[in-house]
Amino acid sequence: MDSSSFRSGFVAIIGLPNVGKSTLMNQLVGSKVAIATPKPQTTRFNLRGILTGPNYQIVFVDTPGIHEARDLFNRLMVEQALRALEEVDGVVWVVDASDRRPQAEEKILEIIKRAEKPTILVLNKIDLIKKGELLPMMDYFSRAHPFRAIVPVSALERDGLEELVQEIVAMLPEGPAYYPPEMVTDQPERVLAAEIIREKLFLLTRQEIPYSTAVVVEEFREDPEKNLLIIQATIYVEKDSQKGIVIGKGGQMLKKIGTLAREELEFIFGKRVYLDLWVKVLRGWRKEERLLRRLEFPYF
Ligand SMILES: Nc1nc2c(ncn2[C@@H]2O[C@H](COP(=O)(O)OP(=O)(O)O)[C@@H](O)[C@H]2O)c(=O)[nH]1
Ligand SMILES: [Mg+2]
């Protein structure tokens, strides 16, 4: 590679749910552009994170986890991930080294083979495994497919990320930057705000509740005189009973969600935030395309 050349391109981060795709992207771009939680199916749509270096720009596409989708909403999520594969110059496949799921991994391997894109395998969460477990795993995967590289990392502890970036850059074609160097995402601020609220819902509620909720930011406006950001958002649920749970006894749960979200939004946007949250029932929104479009999913 000529030292004066610039490389750039789009790289899809794909894998099973909960393997650390969003965490990895955040750590690579050095900023929280995607929400990440211990629950599977946190990521619902493709989302770009941008990393610009002296002689490269990588545009990561974080994707929903590929899984056996049961309802329409999950099917659309998986379709998003598969579509990303068609649009990119290269692929990063993330496997959770501490939680191997051989049958499901086999299916992803088939998808990768069909996509015929240069692919790097990332073995993530190596902080959770013993050193001796790594070599046989790398050996197994190197026989399964001609990966450009196999890179063990801990996204959480930022271990191995520099090497991973080098491998990704080497995989990209020569080309110009697509975005200004200081940009870390092309996600609109109001979408990020909705996602931060949804993250708190994922962290604070249980069972089917996180999966029954969707967040739409209705208003996102600055009051320059007060140096205040005014955000009004609606949390949609599928049933009346869920509305009660999200609001909580005496409004406790909604208050907790609001406080955590507001604190983080103030940190992200660097100003005071007035956050106004509403909870509404939109019956069966996960099952109807028309309702999905009314929510935050114009992407589908
Ligand atoms: N111990 C450990 N946990 C991780 C690592 N990377 C991600 N996680 C955790 O795995 C869970 C799922 O992460 P997330 O990024 O949302 O996964 P995604 O569904 O693939 O996007 C979260 O609780 C993360 O904190 C890692 O390198 N080590
Ligand atoms: Mg994710």
Matching residues in the range 248-265 - criterion: being more than 26 Å from the chain's Cα centre (by Cα) and surrounded by 15 or more Cβ atoms within 10 Å (Cβ to Cβ): G248
Cβ pairs under 6 Å, 6+ apart, first in the range 11-34 and more than 24 Å from E189 (Cβ to Cβ), second within 9 Å of ligand 1 (Cβ to nearest atom) and small (G, A, S): L16/G65; P17/G65; G20/A155
Verdict on M171 being of a type outside the set (S, T, N, Q) and either crowded, with 19+ Cβ neighbours inside 10 Å or without any contact (Cβ under 8 Å) to a residue 12 or more places away in the chain (or both): yes
The range 91-104, residues that are open to solvent by less than 10 Å² (accessible area, probe 1.4 Å) and not in a strand (DSSP E or B): A97
Within the range 216-234, tally of residues that are open to solvent by 30 Å² or more (accessible area, probe 1.4 Å) and among the polar types (S, T, N, Q): 2
Hey, R158 surrounded by fewer than 15 Cβ atoms within 10 Å (Cβ to Cβ) and either within 20 Å of the chain's Cα centre (by Cα) or under 30 Å from R70 (Cβ atoms) (or both) or not: yes
Complete set of residues in the range 62-85 that are within 18 Å of R114 (Cα to Cα), out of contact with any His (no Cβ under 7 Å at 6 or more places or on another chain) and hydrophobic (A, V, I, L, M, F, W, C): I66, A81, L82, A84, L85
Subset of the range 200-209 (residues that are within 17 Å of the chain's Cα centre (by Cα) and either buried (at least 19 other Cβ atoms within 10 Å of the Cβ) or outside the structural domain of V246 (by TED's automatic domain parsing) (or both)): K200, L201, F202
Residue list for the range 243-286, restricted to those being in a helix (DSSP H, G or I) and touching a Gly at 6+ places or on another chain (Cβ under 7 Å): L254
Test: residue in the range 55-62 that is within 12 Å of ligand 1 (Cβ to nearest atom), open to solvent by less than 10 Å² (accessible area, probe 1.4 Å) and out of contact with any Leu (no Cβ under 9 Å at 6 or more places or on another chain): no
Number of positions in the range 16-54 that are of a type in the set (A, V, I, L, M) and within 11 Å of ligand 1 (Cβ to nearest atom): 8
Sole exception among (1) small (G, A, S); (2) within 16 Å of ligand 1 (Cβ to nearest atom); (3) surrounded by fewer than 19 Cβ atoms within 10 Å (Cβ to Cβ); (4) touching a residue at least 24 places away in the same chain (Cβ under 8 Å) for A69, by number: (4)
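The values are calculated or read from the model by the stated rules, or taken from the named source; none is laboratory data. This one's a predicted model, so the numbers in the text were calculated from it and none came from an experiment. Using ideal geometry, Cβ is built from the backbone for each residue, glycine included, and neighbour counts are taken over all protein chains shown. Ligands, DNA and RNA are excluded from the accessible area calculation, which covers all protein heavy atoms including side chains. Shrake-Rupley method; radii C 1.70, N 1.55, O 1.52, S 1.80 Å.
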